[in-house]
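> Before I ask anything, here is the structure I am working with.
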Amino acid sequence: MPPITLPTSPYAVTDDTFLIPTFAAQPDGTAFGAHSLVIRGDEPVIVDTGCFLVRETWLEHVFSVVDPVDVRWIFLSHDDHDHIGNVDAVLDACPNATLVASFPIFGRLMGDVELPLDRMCWANPGDAIDAGDRRLTLVRPPSFDSPATRGLHDSATNLLWAVDAFGALTPGAVFEAGDVPADLYDMSFAPLNSWNTPWLEWVDTERFAAHVHATASLPLDVVAGAHGPILRGDQIADAFRRTLALAAQPVLAVPGQEMLDQMLAEFAAAAA
């Protein structure tokens, strides 16, 4: 059953930077995001390529923000389906673009997704892309679900693409953390980030704190990610604190058969 997605349009995050949103509607009226990003400027960048299930809408939104001929970089943060779903279509549409990936991404997708080696640049955390009017530095986000994951820090806007870190539900198609009710943010932040990063249960808290600090200490004016609202100001430090609090804690209970039965009943009632 494909997810029910909410109508959206590209959202201006900061100068020349647009969220390409996808919101999956939940039966309780909340929504879960699976977003991408477009950075314009001298050498435009598409950051992650969304979900295949929303390909037509996703491509329409991306290319309403940037002309595909102008795109110079296509950045894949990691190999999950909601980040690579339209990479083939984007490569076809953007003949002047280089695909920024890595050996782990290439290796994990080999045999399932054909990536063009002759159009690729392999970059690791600490490396940077010179995009003309900005420098995009690859960083390891504070939490992640794939060993291939790399985020981006944009020197021109002090924006961090946090990939899968800082996930939280929103009350429908809502972009800004300040517009998310505090109780919903509190209720959803811990389970979503615990489920997505179950290895946090086994980390050494001091070593994990040092890892988190490496990203938190960057100059950050805004944080955008695939699965949570946009963070600004004090919201950024708060998200880092919440992530640190998950270290060495048991993974929160993951929904099981009871939840599946409830969802199926709600979907059936909605369709009746």
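> Which of the following residues is touching a helix residue (DSSP H, G or I) at 6+ places or on another chain (Cβ under 9 Å), open to solvent by 50 Å² or more (accessible area, probe 1.4 Å) and polar (S, T, N, Q): GLN257, GLN249, GLN262? Lay out the reasoning, then the answer.
Numbers: GLN257 fails: touching a helix residue (DSSP H, G or I) at 6+ places or on another chain (Cβ under 9 Å); GLN262 fails: touching a helix residue (DSSP H, G or I) at 6+ places or on another chain (Cβ under 9 Å).
Within the list GLN257, GLN249, GLN262, the selection yields GLN249.
> Where the second residue is open to solvent by less than 10 Å² (accessible area, probe 1.4 Å) and charged (D, E, K, R) and the first is over 19 Å from VAL54 (Cα atoms) and lies in region 13-40, which pairs have Cβ atoms under 9 Å and are six or more apart or on separate chains?
The qualifying pairs are THR14/ASP154; THR17/ASP154; ILE39/ASP154.
> Among what's in region 97-129 and is over 12 Å from PHE75 (Cβ atoms) and touching a residue at least 40 places away in the same chain (Cβ under 8 Å), pick the residue that is most open to solvent (accessible area, probe 1.4 Å).
Within region 97-129, the match that is most open to solvent (accessible area, probe 1.4 Å) is ARG108.
> A follow-up question, please. Please list, ordered by residue number, the strands (runs of 3 or more DSSP E) wholly in region 16-100 having 2 or more residues that are under 13 Å from the mean Cα position of the chain (by Cα). So that I can check it myself, show each step before the final result.
Values: elements: 17-20, 23-25, 31-33, 36-39, 45-47, 73-75.
Filter on region 16-100 gives 17-20, 31-33, 36-39, 45-47.
> Can you tell me which of (1) part of a loop (DSSP other than H, G, I, E, B); (2) out of contact with any Gly (no Cβ under 6 Å at 6 or more places or on another chain) is the one ALA237 doesn't meet?
In the conditions (1) part of a loop (DSSP other than H, G, I, E, B); (2) out of contact with any Gly (no Cβ under 6 Å at 6 or more places or on another chain), ALA237 misses (1) alone.
> Now for a different question. Among the residues of region 166-199, how many are open to solvent by less than 40 Å² (accessible area, probe 1.4 Å) and over 19 Å from the mean Cα position of the chain (by Cα)?
Total satisfying the criteria: 1.
> Follow-up question, since we're still on this one. Give the residue that is least open to solvent (accessible area, probe 1.4 Å), with candidates limited to residues of region 146-165 that are touching a Leu at 6+ places or on another chain (Cβ under 9 Å) and among the polar types (S, T, N, Q).
ASN158
> Here's a follow-up. When region 12-26 is examined, which residues are found to be in contact with a His (Cβ under 9 Å, 6 or more places away or on another chain) and not hydrophobic (A, V, I, L, M, F, W, C)?
Here is the first cut: in region 12-26, the ones in contact with a His (Cβ under 9 Å, 6 or more places away or on another chain) are 18-23.
Correct list: PRO21, THR22.
> Additional query: Looking only at residues that are β-branched (Val, Ile, Thr) and over 19 Å from ALA12 (Cβ atoms) in region 45-74, which one is surrounded by the most Cβ atoms within 10 Å (Cβ to Cβ)?
Taking region 45-74 and keeping what is β-branched (Val, Ile, Thr), we get 45-47, 49, 54, 57, 62, 65-66, 69, 71, 74.
Narrowing the set further to residues that are over 19 Å from ALA12 (Cβ atoms) leaves 49, 54, 69, 74.
Working: THR49: 27, VAL54: 23, VAL69: 12, ILE74: 23.
Among those residues, the one meeting the criterion is THR49.
> Another question about this same structure. If we keep just the residues of region 200-240 that are surrounded by 16 or more Cβ atoms within 10 Å (Cβ to Cβ) and of a type in the set (S, T, N, Q), which is farthest from the chain's Cα centre (by Cα)?
GLN235
> What are the residues in region 28-44 that are open to solvent by 60 Å² or more (accessible area, probe 1.4 Å) and at pLDDT below 95, if any?
Hit for region 28-44 is ASP28, nothing else.
> Suppose the filter is among the charged types (D, E, K, R), under 17 Å from ALA224 (Cβ atoms) and either in contact with a Gly (Cβ under 9 Å, 6 or more places away or on another chain) or modelled with pLDDT of 95 or more (or both); does ASP130 pass it? Walk me through how you get there before you give the answer.
Details: among the charged types (D, E, K, R): yes; under 17 Å from ALA224 (Cβ atoms): no; either in contact with a Gly (Cβ under 9 Å, 6 or more places away or on another chain) or modelled with pLDDT of 95 or more (or both): yes.
Considered against the rule, which asks whether it is among the charged types (D, E, K, R), under 17 Å from ALA224 (Cβ atoms) and either in contact with a Gly (Cβ under 9 Å, 6 or more places away or on another chain) or modelled with pLDDT of 95 or more (or both), ASP130 comes out as no.
The values are calculated or read from the model by the stated rules, or taken from the named source; none is laboratory data. Computed from a predicted model, the values in this text were never measured in an experiment. Note: ideal-geometry Cβ built from the backbone for every residue, glycine included; neighbour counts use all protein chains shown. The protein model used for the area step is the full one, side chains on, heavy atoms only, and it has no ligands, DNA or RNA in it. Shrake-Rupley method; radii C 1.70, N 1.55, O 1.52, S 1.80 Å.
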